[in-house]
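**Q** Sharing a structure below in structure tokens format, with a few things to ask.
Readers should treat all values here as calculations from the given coordinates under stated rules, not as data from a laboratory. Fair warning: this is a prediction, and the values are worked out from it, not measured in the lab. All Cβ positions, even for glycine, are placed from backbone atoms using ideal geometry, and neighbour counts span all protein chains on display.
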Amino acid sequence: MMRSHQLLATAAMLTVTGACTATLTPAVTTYPAEAPVDYSQLATMKHGESCAVTYLFVFGPQGQATIAAAAQKAGLRRVRYVDNRYENQYWRQRYCVVVYGQ
């Protein structure tokens, strides 16, 4: 009987924590562009990515999700565009910063 209660509690915990999501607000991730921006150049630009990972919503973050780390990985001297990506799975959350430049 005790074993079935433990399994039920574990299943409930996984269901509740698995439904969590993150919302990145535009106020934090959007910056005004002073001049017209041509995104067609992105395919030809060098780009770098830096990520931070958290496991089970507790262990982490591991890694650096920063503009400086992403630029250093790509060998960029000048960053022109910055983007981000967030992946949320039941057991892992991953936040990445992607930079484009020269």
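**Q** Using R₀ = 30 Å, calculate the FRET efficiency as 1/(1 + (r/R₀)^6) where r is the Cβ-Cβ separation of residue 85 and residue 59; round to 0.05.
**A** Step by step, r from the Cβ atoms, then E = 0.90.
**Q** Between residue 2 and residue 49, what is the label-point separation in nm under the 7 Å Cα-to-beta-carbon projection?
**A** Calculated label separation equals 4.7 nm.
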